[in-house]
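Following: one structure in structure tokens, then a few remarks.
Derivation of every value follows stated rules applied to the coordinates shown; laboratory data play no part. Note that the structure is predicted; figures quoted are calculated from it, not measured. Counting neighbours? That spans all protein chains shown, and the Cβs are built from the backbone with ideal geometry, glycine included.
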Amino acid sequence: SKKHKVCIVGSGNWGTTIAKVVAENTKENSDIFEEEVQMWVFEENFSFADNSKHAAETKNGPQKLTQLINKLHENVKYLPDIPLPHNIVANPDIADTVKDATILVFNLPHQFIAKVCTQLEGKILPFARGVSCIKGVEVSPDKGCELFSEVIGEKLGIYCGALSGANIATEVALEKYSETTVAYDPPTVDSPTSTSDQKSKTALQPVPKEYPPVDHANMHKLFHRPYFHVRLVSDVAGVSLGGALKNIIALGAGFVDGLGWGDNAKAAVMRVGIMEEVKFGKAFFSTVRTKTFTEESCGVADLITSCAGGRNFRCAKMSVAEGKPISEIEERELNGQKLQGTSTAYEVNAFLKKQGKEKDFPLFTAIYNILEGNKRPQDIPALLYKSNL
Ligand code: NAD
Ligand code: 13P
């Protein structure tokens, strides 16, 4: 029988970490998966600092990032100092990366996915399956608020699930204990009664019988590591929304921490935040289950870790403490990594405005207004509470 060929579309801080996880597993489960994992890299030139242990590599000038990754087995720009398995192959050519892949793992900042999907149209196997590790939502005037699993699934005509959890990339890369949630619920191709929420299900092609099934058991084999505990669920919308919306809340936690208001203030923002996550999910995605937010890693646990040490939290805190725009802090602190919370706050607000529901989500609305300069972080308490007497 044939084996699954897995590729990773994206190679940032989290993209490279997931490539490492997956490549360790394809090697250990070589009865199911081909060992080699192609990883698409948005190509750029890279130079080491003079005091780097690798400085000699670029003494004659900058080198291509893909060449450095393949030679040193390290993503020297986005995941430095983490040795990568040698079965990861960095590839600057997106069509070549996905050629013959039966499982595609999408892992890149959400602002780039539309262009990437356009580049991929007509280039992938029609029966391929996808998993989106992207934390964000896409808002458009005609389609409203869409999950990236849906955007990818519809654009490419494949089924796409989601992986999201309390997963600061560096900690997972260092093999420190973490857990994550994988949502995978493809419609049974010949069963029209499936509960799947993907709109393009009528076009879905079955995975040919020569391949091992792409099911929960094999998804577990692809992502679970002794240091990375996977729980499989069917609520793709809940898993995707938890990851997207907590980025807005983490900005709020950063804003109040930047004011020096302490842990109680942060906890208040998190409490209101998780309520708004559930309310948003229930209001706009019929299949969402409350317990995905309250019981799984992709919900409350991701909110906690992101508000403790995520990039959105850290940059928001510095922006308030230093009185500088968050975009300036992002540029200065993240070395090319991207914040997702700022754009998600704007996207969610555009959607809520259109629905006439801004007032029902006071925290999401407050964060948007602070980013816009209409309100100040100091206004957060007054914006959050209506009397409940
Ligand atoms: P990142 O923040 O490290 O972003 C850098 C990546 O963006 C690089 O691979 C870079 O090549 C790429 N890029 C830059 N310009 C581009 C362009 N024009 N077109 C295509 N790619 C371009 O990315 P990440 O941390 O891998 O994040 C990917 C997703 O994973 C995000 O949705 C994020 O929220 C989520 N996530 C991140 C973490 C984390 O700790 N980093 C953890 C869990 C989930
Ligand atoms: P940041 O993008 O804010 O670093 O969040 C990382 C994350 O998603 C942790 O689960």
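How would you classify the chain from its alpha-carbon gyration tensor, with a ≥ b ≥ c the square roots of the eigenvalues: rounded for a/c under 1.5, else prolate if a/b is greater than b/c, otherwise oblate? Taking the square roots of the gyration eigenvalues as a ≥ b ≥ c, the chain is oblate. Each stretch of four or more DSSP H residues adds -39500 (n - 2.57); spread over every residue of the chain, this sum gives -13000 deg cm²/dmol at 222 nm. Note on Thr294 and Ser52: the extension gain reaches 82.7 nm, defined as 0.36 nm multiplied by sequence separation minus the Cα-Cα distance. Note: relative contact order over the chain, using C-alpha pairs below 8 Å and six or more positions apart, is 15 percent. Screening the chain for DSSP H helices whose Cα atoms reach 27 Å or more along their own axis and whose mean Kyte hydropathy is at least -0.5 gives 236-258, 262-284.
Close amide H contacts of Ser132 (hydrogens built in the peptide plane, cut-off under 5 Å, sequence separation of 5 or more or a different chain): Phe106, Gly161, Ala162, Leu163.
About its Cα centre, the range 41-121 has a charge dipole of approximately 140 debye under the convention of +1 per Lys or Arg Cβ and -1 per Asp or Glu Cβ, with nothing else charged.
GNM on the chain, alpha-carbon springs under 10 angstrom: the most fluctuating residue among Gly61, Gly252, Gly310 is Gly61.
Build a GNM of the chain with springs between Cα atoms under 10 Å apart, and of Ser11, Ser132, Ser30 the one that fluctuates most is Ser30. Distance distribution note for the range 312-369: the fraction of Cα pairs above 16 angstrom is 47%. Between the residues Gly341, Gln205, Ser178, the greatest Cα displacement towards the positive end of the dipole of the chain, with unit charges on the Cβ of Lys, Arg, Asp and Glu, is found for Gly341. Evaluated with a Cβ-only charge set (Lys, Arg +1; Asp, Glu -1), the chain carries a dipole of roughly 560 debye about its Cα centre, given to the nearest 20. In a reduced charge model with +1 at each Lys and Arg Cβ and -1 at each Asp and Glu Cβ, the range 17-166 shows a dipole moment near 280 debye about its Cα centre.
Between Cys117, Cys160, Cys315, which gets the highest mean-square fluctuation from a Gaussian network model of the chain, Cα cutoff 10 Å? The residue with the greatest mean-square fluctuation here is Cys117. Which is the longest stretch in the chain that no exposed loop site breaks, taking sites as trypsin sites (Lys or Arg not before Pro) with a DSSP loop state and at most 15 other Cβ atoms within 10 Å? Free of exposed loop sites, the longest segment is 210-385.
Computed from backbone phi with θ = phi - 60° and the Karplus coefficients 6.51, -1.76 and 1.60, the 3J(HN,Hα) list for the range 135-144 is 9, x, 9, 10, 10, 9, x, 7, 9, x Hz; x is used for glycine and proline.
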